Amino acid sequence: MQISLDQLPFRTPATVTGIDWSSLGEADARRLRNLGFDEGVEVEALHGAPFGKDPLAIRVGRMMVAMRRAQARAVSVSMQEFEQAAE
């Protein structure tokens, strides 16, 4: 099941399947690349700010980063939990 990172339920491991680089500004795209966002990378949404606002805390590998929902919306992920249960 493929969804955007901003829709990923908290504490659910997922794998990045694609990033819409054209929807991000140059600085945002550079930051995500520098933080290691790329296809195949494992991520997990840990928690968000109160009342559904920015930022989100995202685990990328062993690192935790803060990211805006608009940036997370550009990242497509596949939830591992559901794929393994379907097999």
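The values are calculated or read from the model by the stated rules, or taken from the named source; none is laboratory data. Computed from a predicted structure; not experimentally measured. These area figures cover heavy atoms from the full protein model, side chains too; ligands, DNA and RNA do not enter into them. Shrake-Rupley method; radii C 1.70, N 1.55, O 1.52, S 1.80 Å.
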Could you give me the ³J(HN,Hα) list for the stretch 7-22, computed from phi with Karplus coefficients 6.51, -1.76, 1.60 and θ = phi - 60°, whole Hz, x at Gly and Pro?
9, 5, x, 4, 6, 10, x, 8, 10, 5, 9, x, 9, 7, 4, 5
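Using only DSSP helix segments of four residues or longer, with each worth -39500 (n - 2.57), what per-residue ellipticity at 222 nm results for the chain after dividing by its residue count and rounding to 500?
Working: 3 runs with 21 residues, N = 87.
After summing the helix terms and dividing by residue count, I get -6000 deg cm²/dmol.
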List Ser23, Ser4, ordered by accessible area with a 1.4 Å probe, largest first:
Ser23, Ser4
Amide H partners (placed H, <5 Å) of Gly18, local residues excluded:
Ser76
Given a 1.4 angstrom probe, I'd like the percentage of the accessible area of the chain that is carbon and sulfur, rounded to a whole number.
50 percent
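When ligands, DNA and RNA are left out and all protein chains stay put, how many square angstrom of accessible area per residue does the chain have with a 1.4 Å probe? Show your work: numbers first, answer last.
Values: 5320 Å² over 87 residues.
That works out to 61 Å² for each residue.
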